[in-house]
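Below: the structure, in structure tokens.
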Amino acid sequence: MSTPDNRKAPRFPGEIPVAFTLGEVVASESAYLNNISVSGIAFDSMVALDPGTVILLQLPVSHPHLSTPGRVIWCRKIAFQHEVGVEFLDVDVDFRARMVDMVRHIEAHRQDSARAGRDLSGQEVTLEWIELYGKEFFRPG
């Protein structure tokens with residue numbers, strides 16, 4: 001029996017590096033985003049996080065560095081890791097939409113690269129996309 005999907009915002013897949021901190025301690029450096037929406041993200045982590053825990057999410061390879069607070073909504077063990085669902089906290093809608101847009105652009109770049117015979121990792125494609133398009137993408141409105 002499957003769990004009902006109560007999400008109100010559409011999810012977009014992604015596989016870019018993310019990090020999170022609990023207070024002053026880096027809890028994970030090897031997390032990868034699974035999907036993102038304007039309401040939150042899901043990512044894989046080696047660390048289990050309790051629902052209700054407030055964390056600082058970061059997209060460490062973005063320039064400028066993007067970070068936002070979030071609250072863990074769910075965490076489930078899958079094989080040797082955990083999938084974690086986090087809702088964004090105290091972030092304006094424009095910032096959330098910008099994060100989603102960036103992930104969508106990076107994933108499109110990954111697909112274009114794959115069609116050209118280039119198989120890039122999540123970190124490689126993110127760094128390449130930022131190098132090629134980051135200045136224009138992050139230029140103030």
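Here are some notes:
- Rounded, prolate or oblate (a/c below 1.5 giving rounded, otherwise prolate when a/b exceeds b/c) for region 80-141 by Cα gyration tensor: oblate
- The H on the amide N of LEU66, modeled in the peptide plane, is under 5 Å from the matching H of LEU59, each at least 5 residues off or on a different chain.
- In this entry, region 10-141 is assigned a mean projected area of 8.4 nm², taken as a quarter of its C-alpha convex hull surface.
- Here the extension length gained between LEU132 and ALA116 equals 4.1 nm, from 0.36 nm per residue of separation less the Cα-Cα distance.
- Built amide H within the under 5 Å cut-off of THR53, gap 5+: VAL72
- Measuring r between the beta carbons of HIS105 and ILE73 and using R0 = 35 Å, the FRET efficiency lands at 0.85.
Read-outs throughout are calculated quantities, based only on the coordinates presented, and are distinct from any laboratory measurement. Model, not experiment: these values are computed from the prediction. Note: ideal-geometry Cβ built from the backbone for every residue, glycine included; neighbour counts use all protein chains shown.
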